[in-house]
Every structure is written in structure tokens, then in C-alpha cells.
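Heads up, the thing below is written out as C-alpha cells.
The values are calculated or read from the model by the stated rules, or taken from the named source; none is laboratory data. Source: prediction; values computed, not measured. Note: ideal-geometry Cβ built from the backbone for every residue, glycine included; neighbour counts use all protein chains shown. Just the protein is used for accessible areas: all its heavy atoms, side chains included, with ligands, DNA and RNA removed. Shrake-Rupley method; radii C 1.70, N 1.55, O 1.52, S 1.80 Å.
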Amino acid sequence: MERTLSIIKPDGVKRGLIGEVIKRFEKEGIRIAAMKMIYMSKKDAEGFYAVHREKPFFDSLTDFMSSGPIVVMALEGDNVIQRNRELMGATNYKEAKPGTIRADFATDIEKNVVHGSDSPENAEIEIAYFFSKLEIH
Ligand code: UDP
Ligand code: MG
């Protein structure tokens, strides 16, 4: 059993895609172990995306991620890190497989609706960034 962090980004929340995204997880038998809606400050977003600090898209990405409320979730299931990445589709929605969340809903390489952890190490760090032990069920 594995856990991963999922985020419905500000574009997904604004466009009314919360239910659509959650439905796709639950349909796959992925369990939601923790969930809340929060509004990150620019500093919160910079801390979350610290691994991308040197990237050219860092400033724009952290502006975007602090532009409105997001839904953060800890997902649980067998191999859930990879399964979530498959449901999300490629970072660039133009390269995402048909039927993935990003292929269906993303409008931009930045505004791509969802985040998902990419490794067990990052999943642990990212879940701990948003949730205390008491909030994970
Ligand atoms: N991003 C961007 N331009 C790029 C690459 C990434 O704006 O050229 C944004 C996009 O929102 C992406 C996030 O930065 O989801 C984090 O990038 P990463 O490479 O980690 O992609 P992900 O893991 O989200 O697929
Ligand atoms: Mg990533």
C-alpha cells in the first residue's frame, strides 16, 4: 500500500473540476486518505515547488499556484504514485494520452489541472507539507 499527494490546481478548482477529478480516482479504486481546500501564499507555493527553484517557469508557476484555492489530497492504494501519474497524463497536455485528466482538461503547459508526486520520497515530503498525521485517515 502506497500514498501519494494529489493537488487540484487553481485552474481545476475555478473551472468546477473537483468532482470530475475525484470521480476518476474513486472509479480506479484509489482511496482518499486526506483532503482539504487551502489557499497557498506565494511563499507556500515556492516552498512546495522548491525543487524547481532554478527553472525558468518557477516564478510564473508559483504565481499561478497561489492565484486561488486548491484541493490537496493524500491518495492511497497499490502502486498509487504511478497510477495517479497515468491518470494525470503528461505534463504537457499536448503530449498527454487521450482520456487522461490533462489531455481532457488542461489548457496550457502550466495550467494543467492536477499535481501528483513522482516518487515515494517526494510523496512523503509533499504529504507532510500539507497534512499532519492526525489529518490522514
Ligand atoms: N511547468 C510549466 N512549464 C514547463 C514545465 C512545467 O509551467 O515547461 C509547470 C506545470 O504546471 C507542471 C509544474 O510546472 O505541472 C511542475 O513541473 P513538473 O516537471 O514537475 O511536471 P509534473 O510533475 O507536474 O508533471
Ligand atoms: Mg513534478
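Taking Arg102, Arg15, Arg31 in turn, the Gaussian network model of the chain (Cα-Cα springs below 10 Å) assigns the largest fluctuation to Arg15.
Taking all Cα pairs closer than 8 Å and separated by 6 or more residues, the relative contact order of the chain comes to 37 percent. With every protein chain in place and a 1.4 angstrom probe, the accessible-area ranking of Glu135, Glu54, largest first, reads Glu54, Glu135. Whole-percent P(r), the range 1-125, all Cα pairs, 10 Å bins from 0: 14, 47, 36, 3. Of the residues Phe58, Phe25, Phe105, the one that moves most in a GNM of the chain with alpha-carbon contacts below 10 Å is Phe58. Within the accessible area of the chain, the carbon and sulfur atoms contribute 54%, probe 1.4 Å, all protein chains present. Spin-label model, Ile38/Glu54: points 7 Å from Cα along the beta carbon direction are separated by 2.7 nm. For the residues Met88, Met37, a 1.4 Å probe over the protein chains yields an accessible-area ranking, largest first, of Met37, Met88.
For a straight C-alpha distance cut-off of 28 angstrom, the lysines reachable from Lys27 (same-chain residues fewer than eight places away being disregarded) are Lys9, Lys14, Lys36, Lys94, Lys97, Lys111, Lys133. Inter-part distance, the range 20-86 to the range 91-131, computed on C-alpha centroids, equals 7 Å.
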